[in-house]
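These notes concern the structure reproduced below.
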Protein chains: 6
Amino acid sequence: MNDKRVPTGIRGLDDMLSGGFLEGSTALVRGAPGTGKTLLSLQFLVHGATQCDEAGLLISFEEFPLSVHRDAQSIGWDLAKLEKRGELHLLFTSPQVLMDNLTSPESPLSRLLLRSDIRRVVVDSVSHFRKLTDDALELRKTYNVLTNALKREGVTSILIGEESRADYVRVEPGQLSYVADAIVLLRYIEIDSAIQRGILVLKMRGSDHVKEIRRYEIERGGIQIVGLFEGREAILRGTPHRVQAGFPPQ
Amino acid sequence: MNDKRVPTGIRGLDDMLSGGFLEGSTALVRGAPGTGKTLLSLQFLVHGATQCDEAGLLISFEEFPLSVHRDAQSIGWDLAKLEKRGELHLLFTSPQVLMDNLTSPESPLSRLLLRSDIRRVVVDSVSHFRKLTDDALELRKTYNVLTNALKREGVTSILIGEESRADYVRVEPGQLSYVADAIVLLRYIEIDSAIQRGILVLKMRGSDHVKEIRRYEIERGGIQIVGLFEGREAILRGTPHRVQAGFPPQ
Amino acid sequence: MNDKRVPTGIRGLDDMLSGGFLEGSTALVRGAPGTGKTLLSLQFLVHGATQCDEAGLLISFEEFPLSVHRDAQSIGWDLAKLEKRGELHLLFTSPQVLMDNLTSPESPLSRLLLRSDIRRVVVDSVSHFRKLTDDALELRKTYNVLTNALKREGVTSILIGEESRADYVRVEPGQLSYVADAIVLLRYIEIDSAIQRGILVLKMRGSDHVKEIRRYEIERGGIQIVGLFEGREAILRGTPHRVQAGFPPQ
Amino acid sequence: MNDKRVPTGIRGLDDMLSGGFLEGSTALVRGAPGTGKTLLSLQFLVHGATQCDEAGLLISFEEFPLSVHRDAQSIGWDLAKLEKRGELHLLFTSPQVLMDNLTSPESPLSRLLLRSDIRRVVVDSVSHFRKLTDDALELRKTYNVLTNALKREGVTSILIGEESRADYVRVEPGQLSYVADAIVLLRYIEIDSAIQRGILVLKMRGSDHVKEIRRYEIERGGIQIVGLFEGREAILRGTPHRVQAGFPPQ
Amino acid sequence: MNDKRVPTGIRGLDDMLSGGFLEGSTALVRGAPGTGKTLLSLQFLVHGATQCDEAGLLISFEEFPLSVHRDAQSIGWDLAKLEKRGELHLLFTSPQVLMDNLTSPESPLSRLLLRSDIRRVVVDSVSHFRKLTDDALELRKTYNVLTNALKREGVTSILIGEESRADYVRVEPGQLSYVADAIVLLRYIEIDSAIQRGILVLKMRGSDHVKEIRRYEIERGGIQIVGLFEGREAILRGTPHRVQAGFPPQ
Amino acid sequence: MNDKRVPTGIRGLDDMLSGGFLEGSTALVRGAPGTGKTLLSLQFLVHGATQCDEAGLLISFEEFPLSVHRDAQSIGWDLAKLEKRGELHLLFTSPQVLMDNLTSPESPLSRLLLRSDIRRVVVDSVSHFRKLTDDALELRKTYNVLTNALKREGVTSILIGEESRADYVRVEPGQLSYVADAIVLLRYIEIDSAIQRGILVLKMRGSDHVKEIRRYEIERGGIQIVGLFEGREAILRGTPHRVQAGFPPQ
């Protein structure tokens, strides 16, 4: 991890990250279903492949690779084309096989990372690691092995974390939040009788970052940061209220 | 899943869905008892059968088929007539038998889907899959098998999810919300000392959708979207309050 | 279940139910202790027996039949007289014996229902069914058997559900709320430093119904619906607050 | 249970109870430690013994009888004198022994009730019955046996229930609230930066009662009802707030 | 327990207690870490030893006696000097050994109490009794044995209870709150963006007491009661809010 | 522990601590991930090594020492240089090995502390001690052994505690909060639609300290205390609201 920035290609988010993730760092992107975690991560890979000449790898534990293609296609990206060009690699595996690969320097994965000069990795999602153990400390150890292996390869990575409910800042089993270098939260936020989405960079080790909760939308072309949430309190709880005339007068 | 729309026949909801569900997609419709999940799903099937020339299949795990007929009848639909014409099929089975069928290409269900050219499927309700396993990851795998099988058949489907309490956005065991392409929430909302119902499209993979929470009523003829919830905060918690004069002045 | 109405005899409630429960339907009446669930149910039976020429049956799992007589007596009904005339039957049994009876066409209960031409049944309370099993799905199956048996007999029935705390809409173990055709909630509501009672018809399959939460009192003669809860928010949480001057101005 | 009233001797409370408990009824008095449950019950016994010529029995499961004497003495009652005169009986026993006694007509307790013409009984506290069983339904059965036995003896009784936290209306394990004829709640209520006490008659089978939450104090001479809680909302939650200027204007 | 008062030496607290604890009574002092429970108790012992000629005993279950000396020293007391003079005794033991001692009249502890004419005892903290048993009723019995033994010796005692979170009134496992004669609560309270401390006498058997929540500080010389919390609501929840202009106007 | 102060080098924090931690004391620093617990602790060690001529030791249970170097480097400190000069020692071990060392006077750790004249110690993090036992009392004993050993060596130490959620004051398993001499809380606080950080000295045994919650930022050069949170209520809950015009007028 050095001062070099790895831009996500989401301009507003890169602004929030002071230019992008730090090279070699591991970011945790957490959010409830539908908040766009996978899209954000794909955008990160596609941007690397098409704009930065950095090959990417998506490691998924779901069993239906077509849905990833559809997700990408729905906002206008052709992953298959990137795959054919060797700019993007999709790996559908299990947490156990991934861990076995990561801890063996001669594994197919290690060879792939090396041979294809992979610079960006996404793991979708780390929630599947709970399959490996029920024990919180064992899980923490697993997360350490995972992030250390990714660091050893020198890649910049996003770990997707699934949130089961919309609440305040909370640490998941295994406390991956402590291991990750950066934490990005995606939230549903009810504003004016509608559901909007908010993004927050909660933590970024070794870098300044924007502290504001910003509004984003998912559109053709990907995620767009579109504004702020002004005049509201308790945004992170999901159902904020308008700030009332206060004391002392502001 | 392509760009073709499969309208539900509930005009206001089709507006919220930008024309309807995407063909081949799987939607999760969640709500507490009495919010009208089954009615919404029947309306989806009846509309397909009578207006779009698309045969439908209702898979139910409850043991008393008459209640489905009564539900439909109560808002003016004659399911028996549609059944006789082969435009609607009702299947009363168990989760285990359904899964066995879905994983076997020569099963009676597969033959039915093929032979009758079923285009729309409703599963009422996915909560019964918890019978099959206590393990959250095993359940998730089951949901994957289910949705993949439905996709393989090319049908557009609604999975009904039973909510046990009215709260904020929450993920059910097995995290079906991550597997589903679209999520529609039905809610009781207390307004002006009365119980109203609200509908929200929380997520729709590969499509734009309305983000507002809208008010609906269950009437003869089915579900009607009838308006908005203006000037209220925390609607998704079920007991919203009026927005108060705020700061900065609006 | 058809369009014929079975009035409860509580005029305000019959108004809320668009005339009464639907014939052959099963209603779940839920409330905390002291909200008057048993009284409401007795009133339903007494009204049937004395005003509609419909014999009634109260099935109770408590061990002290005198308390039912006292309850009734306290608001001015003489159950013993109705029993003597064969217009009312009181059955004190166990959940297991009831289930055995319901699943056997030749059982004493079946003969009673037939011989006495019972048209209305009350089960007080379904909470005792939890004695039969710890398993939520098994319990749900039991509830299905129960309601299906009641439907098969063609009777209109009330199932009493005991709530252990006053909160928002919540589904009990076994999810009887999904099985019942109608749900009526009874609630304690703190208004102006006193405890009042509120009633709400949350769901009514196949019928329109009033959506307002209405105020009722327990008086000599039975339950009386006496008004509304105007200008209050969050009534269903039990401790509502006055609506404040809001935005936009009302 | 008939229409005859058994006054508690606490004038304000007797007003709330329309004159007193109904003869032969069983009341549950619930409250957190220090709210005065035991004092209220002793007052009930002392009033019966000294003003109504009704002998009383206090059944306690605690092991230190002196504390009861001290409690009484602290507000000016000499229990020992009443004991000597045979107007008051103190029984220190265990739940198991009590149950054995209650279910045997020839038991020492039965003989005591008969011989001494006991008319009022207090059980302090029913929480100790949880010693007998972990099973909620078994506990409920025990409560039924207890209250039925008390009724069979024709006595008017108070069962003391210990609340472990101050919240809203909640049913304890074994659901004694359903078995009791009357429920009286004692609460700590924070008003104007001080702790006050509030009393509420939540339920009274077969009788009208005051629905207001009233303020009481513990003084020499016993419990005194001293006023209301006007202009406050959510009193039952323990930390009420002032009613704010509302809509519609009041 | 008689009418004689045992002053704590904290003038403001003695005012709240109508002069002090009752002689022979057992008080429970509960609070979160850092609220000053141990200091309050030491002040009670030091005041007895230096101002009232009453020897004191501190029973501690922690393993490092120096910290007690440091605590005392930090606010200006020299416990070692008091120990040397026989006015203060420090006993570092285990719950099991304490219980064995308390139930044996010939134990070293009993001899110490007698020989040294101990009048005041502090047990720091009763939370350690949970080591003895997991069973709530067994724990309650243990607390009864403890308090009865202290009463039998005629000493006035403080039992320190550790609270694990700041919330409303709550009963700890074993329900010591019911056994104690007095309950004193210490709380953190956020006021004007700072943490203050509040003290409340929740219960005092056989005595009048102040009901207000008062503000205190820990200073050289010990605990000082320094004022009230005026114009705030929900103080006991720890994060109170200013009272707003209410209805009816106050 | 005496009156000598051990400054952290964070000027605003030293002001809050009346000059620094007390020599020989053990402070618990708690916070959610990203609040800067490790940075604060490193700053404490670096300041000691470079400004006070006090050698420091960081004991870590994580497996990747490089991340500590990176953390430090990111805000401008070169730990390796300090290590080379013998002013800073980094020890990567396990809780079990640490405990074995601490309880043996001849252990390598003891020799290191002695030989290198270590004056400041940081343990990152105490959450790993839960690996040693599931039992809360056993854990408490472990914490006692740990803090007593640190005191015996005469070092001033910081124990890092990981908080899993942002809420109010809460005691962790094993109740280290009772054992620690000082407690410092780090919090995320949502203000004006952005996430800020707040620091509070909750407890400081034997010393006066600032009670205000202060705002801090993490910048190049380390943690900076930058201001207050004025005009807000419920700051410690993480989502404060503006103080409203209150009663009585302020």
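Laboratory data are not the source of any read-out in this text; all were calculated from the coordinates shown. In this text, all values refer to a predicted model and were calculated from it rather than measured experimentally. Cβ: placed from backbone, ideal geometry, glycine included. Neighbour counts: every protein chain shown.
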*asked:* I want the antiparallel fraction of DSSP beta bridges within the protein assembly as shown, as a percent rounded to 5.
replied: 50 percent
_Signed unit charges on C-beta, dipole axis of the range B:1-143, positive-most listed residue B:GLY34, B:LEU91, B:HIS128_ = B:GLY34
*Indicate, rounded to the nearest 5 percent, the antiparallel portion of the DSSP beta bridges found entirely in chain A.*
45 percent
_In degrees, nearest ten, helix D:65-74 long axis to first principal axis of chain D (Cα)_ = 50 degrees
*asked:* Please compute, for peptide A:200-209, the average count of beta-carbon atoms on other protein chains lying within 10 Å of each residue's beta-carbon.
replied: 5
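Which pairs, out of C:LYS131/D:LYS151; E:LYS37/F:LYS211; E:LYS84/F:LYS151; B:LYS81/B:LYS131, put more than 28 Å between their alpha-carbon atoms?
Values: C:LYS131/D:LYS151 26 Å; E:LYS37/F:LYS211 18 Å; E:LYS84/F:LYS151 25 Å; B:LYS81/B:LYS131 33 Å.
Pairs exceeding 28 Å: B:LYS81/B:LYS131.
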*Which shape class, rounded, prolate or oblate, goes with the protein assembly as shown when its Cα gyration tensor gives a ≥ b ≥ c as root eigenvalues, a/c under 1.5 marks rounded, and past that a/b bigger than b/c marks prolate?*
oblate
*Signed unit charges on C-beta, dipole axis of the range C:104-219, positive-most listed residue C:ILE195, C:SER177, C:SER157*: C:SER157
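How big is the Kirkwood radius of the range D:4-64, worked out from every pair of different alpha carbons and given in Å to one decimal?
Details: mean 1/r = 0.0805 Å⁻¹.
Every distinct Cα pair counted, the radius reaches 12.4 Å.
Report relative contact order for chain C in percent, whole number only (criteria: Cα-Cα under 8 Å, sequence separation at least 6).
Working: 483 pairs, mean separation 63.6, N = 250.
Dividing the mean separation by the residue count of chain C yields 25 percent.
Given charges of +1 on the Cβ of Lys and Arg and -1 on the Cβ of Asp and Glu, with all other atoms neutral, how large is the dipole of chain D about its Cα centre, in debye to the nearest 20? List each step's numbers first, then the result.
Numbers: 32 positive and 33 negative charges, 43 e Å.
It comes to approximately 200 debye.
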_Give the separation of the Cα centroids, the range E:105-127 to the range C:81-120, in Å._
68 Å
*Under a 10 Å cutoff between Cα atoms, tell me which one of D:GLN224, D:GLN96, D:GLN43 has the largest fluctuation in the Gaussian network model of chain D.*
D:GLN96
*asked:* Is the C-alpha gyration tensor of the range A:186-249 telling us rounded, prolate or oblate? Criteria: a/c under 1.5 is rounded; beyond that, a/b larger than b/c is prolate, otherwise oblate.
replied: oblate
*When the dipole is taken about the Cα centre of the range F:182-250, and only Lys, Arg (+1) and Asp, Glu (-1) are charged at their Cβ, what size is it in debye, to the nearest 20?*
240 debye
*Could you let me know the centre-to-centre spacing of the range B:185-250 and the range C:196-224, using Cα atoms, in angstrom?*
24 Å
*Which whole number gives the average count of other chain Cβ atoms within 10 Å of the Cβ atoms across peptide B:141-149?*
2
*Value of Rg/Rh across the range E:56-106 [Cα atoms, Kirkwood radius]*: 1.04
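Could you work out, residue by residue across F:181-193, how many beta carbons of other chains sit within 10 Å of that residue's beta carbon, and then give the average as an integer? Write down the numbers at each step before the final one.
Numbers: counts 5, 1, 3, 0, 1, 0, 1, 7, 0, 12, 2, 11, 17.
The shielding value for this peptide is 5.
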